[in-house]
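The values are calculated or read from the model by the stated rules, or taken from the named source; none is laboratory data. Remember, predicted model here, so these are calculated numbers, not experimental data. Cβ sites come from the backbone with ideal geometry, for glycine too, and all protein chains shown count toward neighbours. To get the accessible areas, we keep the full protein, side chains included, count just its heavy atoms, and leave off ligands, DNA and RNA. Shrake-Rupley method; radii C 1.70, N 1.55, O 1.52, S 1.80 Å.
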Amino acid sequence: MIQFDHVRKKYPGGHEALKDVSFYLSKGEMAFLTGHSGAGKTTLLKLIALIETASSGHVLFEQQNVLHIPLRKVPLLRRKIGVIFQNPMLLGDRSVFQNVALPLLVSGYSGPEISRRVRASLDQVGLLSREKANPVTLSGGEQQRVSIARAIVSKPKVILADEPTGNLDPHLSREIMDLFVRFNSVGVTTLIATHDLELIKPLPFRHLELNAGCMNETQTTS
Amino acid sequence: MSADYISNRGSKPHAGKTKRHGSWLAKYLLVHKLAMNNGFERFLKGRLGSVMTVFVIGFALTLPAALQVVVKNAEQFAPIMESSTQITLFIEKDVSLQDVTTLAKEIKLREEVSETSFISPDEALKEFQRDTEIGDALNHLSDNPLPPVILVTVDSQFLGKDNINRILQELSMLPLVKIAQADLHWLERLLGIINLIKQAALLMTIFLIIAVIMVVGNTIRLMSQSYKDEIEISKLVGATDGFVRRPFIYSGMFYGFFGGIISIIFTVFSTSYLQSHVANLAELYASSFMLHGLSFIDSVTLIITGTLLGFGGSWIAVSRYLHELNL
Ligand SMILES: Nc1ncnc2c1ncn2[C@@H]1O[C@H](COP(=O)(O)OP(=O)(O)O)[C@@H](O)[C@H]1O
Ligand SMILES: [Mg+2]
């Protein structure tokens, strides 16, 4: 599903965030992307969704080199990926419902189909009762769950989550992690960046460890 | 709802969509309807800023529109002036009054002449004294220096410079006539001025078109900056540039559209203001003269022009913004 082949990413400032990264994530697999702060986790996820582009090496999504995707087809790639960003990135001038509906609007859905899917998605994260609320009135954990609902609303093939439990207490963190496990159990390829090793220790998934921009892929499958 | 909700790929986006909206066209129209509503919302959110932009566009479009009206009316003037062209015949000085009156009557019989009138040297002197200051000086002359004059009005059927020149030549050959004069120069001057105004209008139109595009562009640029988060998030969840651009383009078109309406109001207002002044002038010439305001076609053109300029300005602004955003 996702493959990195000697990927290097150098930011315009000259900083080399990724030096040499190779790994493979098969369809339906779930894995954790670990590494200390600044190791390049966010950068790696951005390369998959084409928010950034690799300086050299190959990033493949469904066997296709993402760099060969023409600019106008990039939106189609992004619609296959549900991204949960480090901060929830919600729109404060819209209701929870409207925030979650955005990916559907963007890909041309309308009316009843949108309502149905948004409600189903909010139900998944346990926030169906808050659909009319403004996101700024929600707690940090609830906001993060809204952003998860938004990521899954268009039924993506892949979920990428960037430290989704970053600033949540252990209890909430576990709940969120359970959500991802649940999504993965129905076949969604899932890659979660985190530095909370305690949280993920009991979970039977591969760890892809980034170390100062390098990936020594440990093929320890469960 | 169970976890397998998310794996329910039974209704893939495309399958679901075609079933729901029936056709490609219906979907297209819906997308545009949503973008248009969205664009209008953003336009309204601009409040005072939107009003000011609309007025700036309105003023900018009024200038060329008003010039267009002036040109159209001035052109309408030209044939009237030609048709009312008068020829002044200066008669030899020592001819008797009776001979001159007879001559005037004879000239009036010609088919190209509609009217003649005779001004005797005494009448001419009186008029001269009334109208000018040097009139007093003439009092001290023992002899009236002014010649008798016959004013010949050319019939309106004989328009045009060529006709006038021919009649002029014929009249000047008549015995007793010393000089025959028709002031054609001012007609040429008028046409020259009209032409100049046309050129100026064209130039001004080009400048103002650029100005309107820049005004709309700037407004939409500021607007898109204030929607930065929404644009970014939309693009990250798979929005095309077109999807992001569309509402802004509609906003821009609303600016142009309302600007066009404002300019119609301004132009109609200024034309009717001028109407009263022109009425006096028109009386001096032919009663058929009417000030032509903005026609229906002109009005529609103004609105379409405004809307198209709004489209252009916003398109440039949002496209540049999206390019800078580089997402
Ligand atoms: N847009 C950017 N421009 C320049 N340097 C960046 C940019 N984004 C991240 N970096 C740098 O790249 C390195 C890796 O960052 P990041 O991928 O965010 O790491 P992580 O998510 O693991 O903390 C850091 O040193 C960071 O300063
Ligand atoms: Mg990070």
Set B:170, B:230: member being of a type outside the set (Val, Ile, Thr) and within 14 Å of chain A (Cβ to nearest Cβ): B:230
Qualifying residues in the stretch B:70-94 (those that are assigned to a loop (DSSP other than H, G, I, E, B) and either of a type outside the set (D, E, K, R) or open to solvent by less than 30 Å² (accessible area, probe 1.4 Å) (or both)) - the one modelled with the lowest pLDDT: B:84
Single condition residue A:110 does not satisfy, out of (1) open to solvent by 10 Å² or more (accessible area, probe 1.4 Å); (2) within 16 Å of ligand 1 (Cβ to nearest atom): (2)
Hits in the stretch A:73-88 (condition: in a loop (DSSP other than H, G, I, E, B), open to solvent by less than 80 Å² (accessible area, probe 1.4 Å) and under 17 Å from residue A:41 (Cβ atoms)): A:85
The stretch A:9-46, subset within 13 Å of ligand 2 (Cβ to nearest atom) and under 14 Å from residue A:158 (Cα atoms), residue surrounded by the fewest Cβ atoms within 10 Å (Cβ to Cβ): A:46
Number of the exception - residue A:136 against (1) within 16 Å of ligand 2 (Cβ to nearest atom); (2) surrounded by fewer than 17 Cβ atoms within 10 Å (Cβ to Cβ); (3) touching a residue at least 40 places away in the same chain (Cβ under 8 Å): (1)
Checking residue A:50 against (1) within 14 Å of ligand 2 (Cβ to nearest atom); (2) within 14 Å of chain B (Cβ to nearest Cβ), the condition it does not meet: (1)
Residue match in the stretch A:164-173 (condition: at pLDDT below 95, surrounded by 20 or more Cβ atoms within 10 Å (Cβ to Cβ) and within 16 Å of ligand 1 (Cβ to nearest atom)): yes
Test: residue in the stretch A:57-66 that is within 14 Å of ligand 2 (Cβ to nearest atom), over 21 Å from residue A:207 (Cβ atoms) and within 14 Å of chain B (Cβ to nearest Cβ): no
Positions within the stretch A:28-43 being within 7 Å of ligand 1 (Cβ to nearest atom) and of a type in the set (A, V, I, L, M), in sequence order: A:39
Output for the stretch A:124-137, where each listed residue is away from every other protein chain (no Cβ under 11 Å) and farther than 21 Å from residue A:163 by Cα: A:129, A:130, A:131, A:132, A:133, A:134, A:137
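Residues are listed down the side, and each one gets a yes or a no for (1) farther than 27 Å from residue A:202 by Cα; (2) among the aliphatic types (A, V, I, L, M):
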position	(1), (2)
A:1	no, yes
A:5	yes, no
A:10	yes, no
A:17	yes, yes
A:20	yes, no
A:25	no, yes
A:29	no, no
A:33	no, yes
A:39	no, yes
Residue B:16, sole failed condition from (1) open to solvent by 60 Å² or more (accessible area, probe 1.4 Å); (2) outside the structural domain of residue B:257 (by TED's automatic domain parsing); (3) at pLDDT below 85: (1)
Among residues of the stretch B:305-327, those that are of a type in the set (Val, Ile, Thr) and not in a helix (DSSP H, G or I), counted: 0
Residue within the stretch B:52-69 that is within 14 Å of chain A (Cβ to nearest Cβ) and modelled with pLDDT of 85 or more present: no
Residues located in the stretch B:233-242, provided they are in contact (Cβ under 8 Å) with a residue 12 or more places away in the chain and at the interface with another protein chain (Cβ under 7 Å from one of its Cβ atoms): B:236
Top-ranked residue in the stretch A:47-72 [being more than 15 Å from ligand 1 (Cβ to nearest atom) and assigned to a helix (DSSP H, G or I); ranked as most open to solvent (accessible area, probe 1.4 Å)]: A:72
Where residue B:198 falls short, out of the listed (1) open to solvent by 20 Å² or more (accessible area, probe 1.4 Å); (2) under 30 Å from residue A:154 (Cα atoms): (2)
Those residues of the stretch A:87-107 which are touching a helix residue (DSSP H, G or I) at 6+ places or on another chain (Cβ under 7 Å), more than 8 Å from every other protein chain (Cβ to nearest Cβ) and polar (S, T, N, Q), in sequence order: A:99
The stretch A:110-125, residues that are assigned to a helix (DSSP H, G or I) and of a type in the set (Gly, Ala, Ser): A:111, A:115, A:120, A:121
Residue match in the stretch A:147-163 (condition: assigned to a loop (DSSP other than H, G, I, E, B), in contact with a strand residue (DSSP E or B) (Cβ under 9 Å, 6 or more places away or on another chain) and on the phi > 0 side of the Ramachandran plot): yes
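So which of A:115, A:121, A:154, A:110 is more than 9 Å from every other protein chain (Cβ to nearest Cβ) and of a type in the set (Ser, Thr, Tyr)?
Being more than 9 Å from every other protein chain (Cβ to nearest Cβ) and of a type in the set (Ser, Thr, Tyr) holds for just one of A:115, A:121, A:154, A:110, which is A:115.
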